[in-house]
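Read-outs throughout are calculated quantities, based only on the coordinates presented, and are distinct from any laboratory measurement. Nothing here was measured: the structure is a model prediction, and the numbers come from that model. Virtual Cβ from ideal backbone geometry, glycine too; neighbours counted across all protein chains shown.
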Amino acid sequence: MKAWWSQPLLLGLFVYAWTSSIVVLGISFGHQFVAPLQETSGPSLPEKFSAYDGGWYKEIAATGYHYDPNQQSPTAFFPLFPLLGRGVMYITGLGPIGALLSVAHICLAAAFVVAAVYLRDRRLPSDQSTISLTLLALGLMPATFFFRMTYSESTFLLLTLVFLRGVQREWSLPVLALIAGLASACRPVGVGLLAPLLIYAWRCSPRCRTFLARTALYAPLACWGLFAYAAFLYFQFDEPLAFAKIQVHWGRVAPSWTVKMLALLSYQPIWEVFLWQPVAGWSVFAWEQVNAVYFAVSAILILFGIWQRRLNVYETSLAVMLLLIPYLTRAYEMNMASSARFAAVAFPVYLIVGEGLARLPPAVSAAVLGISAFFLGAFSALFAGGHPVF
């Protein structure tokens with residue numbers, strides 16, 4: 001009989017529960033003991049899980065969409081996650097926060113299980129220690145506390161893992177395209193799944209003509225969620241691009257495309273945040289710098305994985321797209337705000353971290369994970385206290 005930690009279902013659920021308990025304790029601590037910097041949510045403990053963008057998802061689940069082109073509006077947030085929350089509300093009678101938290105945690109628990117199965121069957125097979133350490137990295141990396149909030153990240157993570165598992169098991173192109181399309185209804189970066197989908201289509205096509213025909217058929221299908229949302233916005237507000245146009249109210253506006261592209265090519269959004277002097281001074285808890293560091297480290301890890309050939313072509317293309325799309329579209333405007341959260345859903349990053357931890361002495365790996373767990377809990381507490389952790 002196999003030990004329980006060698007069974008993906010039990011291992012995934014255990015790591016989910018243990019790592020999530022740190023976040024719950026952090027939120028509880030922040031609710032009780034962290035002096036609120038600003039009021040971003042209600043006074044009750046459940047409402048502390050729904051600060052910042054979580055409040056928008058709560059509003060959508062409770063009352064639906066509205067659009068005002070002159071100010072921030074919920075059309076900036078894609079519909080899959082709040083729709084699932086509304087479905088849970090209808091079935092269970094829960095309020096919007098309870099329903100959205102249920103969706104987020106069910107998706108996250110499922111994501112851990114799918115990740116465990118995927119790791120077990122990788123083409124470059126991992127031993128049990130590497131699998132466990134990779135799952136722990138997925139659960140303990142500091143920005144993953146967002147996976148346990150009323151945010152769409154855990155839903156999106158699950159969809160990308162199911163997609164990778166489908167590629168691994170050689171599912172049919174229509175099924176993979178449908179999964180990719182569902183991801184594009186969850187977050188706009190879901191269109192990034194087009195890259196591994198097209199690579200998969202190329203590899204399973206006997207000739208170029210077949211590949212072109214399949215691309216013409218399945219590429220639009222892989223964006224069906226985005227198209228459906230745009231159609232809804234057109235019929236509801238007569239503005240199919242309301243999700244994009246409303247972004248002007250989040251962050252600064254680039255003077256021109258030339259200025260923006262020069263800034264991106266020189267990595268200005270990453271390094272310029274270190275030229276600021278926050279009111280309290282620089283700190284490992286200053287999320288302005290954390291975002292830039294987290295994103296840059298994630299990109300370096302992916303480049304290292306490519307160089308060392310530790311990632312297959314599907315993992316590589318997925319990770320590159322999940323990092324490149326938000327960097328090109330929002331890094332300049334938002335001064336890297338939310339970049340850590342965007343990078344946190346790039347699952348291939350955890351493959352590199354897990355393998356790296358497995359090569360270290362156990363005591364060192366434990367220390368690294370312990371430090372990560374501390375920051376996971378600390379950022380959760382600051383989030384609950386209304387500090388600018390986003």
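Numbers for the structure displayed
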item: The stretch 310-366: C-alpha gyration tensor shape, a/c 1.5 cut-off, then a/b vs b/c; result: oblate
item: Interchain or long-range residues, amide H under 5 Å from GLU239's placed H; result: TYR234
item: Of the chymotrypsin sites (Phe, Trp or Tyr not before Pro) in the stretch 50-82, those whose Cβ has at most 11 other Cβ within 10 Å and which sit in DSSP loop; result: none
item: More than 27 Å apart - percent of Cα-Cα pairs taken over the stretch 234-390; result: 35
item: Positive-end extreme of charge dipole, the stretch 287-366 - chosen from ALA337, PHE347, VAL293 (charges on Cβ); result: PHE347
item: 13 Å beta-carbon shell around PRO326, net charge (K/R +1, D/E -1); result: +1
item: Sparsely packed trypsin sites (Lys or Arg not before Pro) within the stretch 176-235, loop by DSSP, other Cβ within 10 Å at most 15; result: ARG207
item: Computed [θ] at 222 nm, helices only, for the chain once each DSSP H run of length n ≥ 4 contributes -39500 (n - 2.57); result: -21000 deg cm²/dmol
item: Excluding exposed DSSP-loop GluC sites (Glu not before Pro) (at most 13 other C-beta within 10 Å), longest clean stretch of the chain; result: 171-390
item: Residue order, fewest to most beta carbons within 10 Å, for TYR332, TYR267; result: TYR267, TYR332
item: Vicinal HN-Hα couplings computed from phi for the stretch 168-179 (Karplus, 6.51 cos²θ - 1.76 cosθ + 1.60; Hz; Gly/Pro x); result: 4, 8, 6, 5, 6, 4, x, 5, 5, 5, 5, 5
item: Choice from LEU25, LEU322, LEU140 with maximal GNM fluctuation in the chain (Cα, 10 Å cutoff); result: LEU25
item: Charge dipole (the stretch 255-390, unit charges on Cβ, about Cα centre) - positive-most of LEU324, PHE304, VAL368; result: PHE304
item: Dipole magnitude of the stretch 4-384, debye to nearest 20 (Cβ charges: Lys/Arg +1, Asp/Glu -1, about Cα centre); result: 1080
item: Among VAL345, VAL113, VAL175, residue whose mean-square fluctuation peaks in a GNM of the chain (springs only between Cα atoms under 10 Å); result: VAL175
item: Percentage relative contact order, the chain, counting C-alpha pairs under 8 Å, at least six apart; result: 26
item: Set of aspartates and glutamates near LYS58 by C-alpha distance (under 13 Å), chain-local residues within fewer than 8 positions excluded; result: GLU47
item: ³J(HN,Hα), Karplus 6.51/-1.76/1.60, whole Hz, each residue of the stretch 85-99, x for Gly, Pro; result: x, 5, x, 5, 4, 5, 6, 9, x, 5, x, x, 5, x, 5
item: Residue order, fewest to most surrounding Cβ atoms within 10 angstrom, among TRP257, TRP287; result: TRP257, TRP287
item: Sites matching trypsin sites (Lys or Arg not before Pro) across the stretch 227-310 that sit in DSSP coil, with at most 15 neighbouring C-beta atoms within 10 Å; result: ARG252, ARG309
item: Percentage of interatomic Cα-Cα distances in the stretch 9-100 larger than 22 Å; result: 43
item: Shape of the chain, Cα gyration tensor, a/c cut at 1.5; result: rounded
item: GNM top mover of ASN312, ASN335, ASN291 - the chain, alpha-carbon springs below 10 Å; result: ASN312
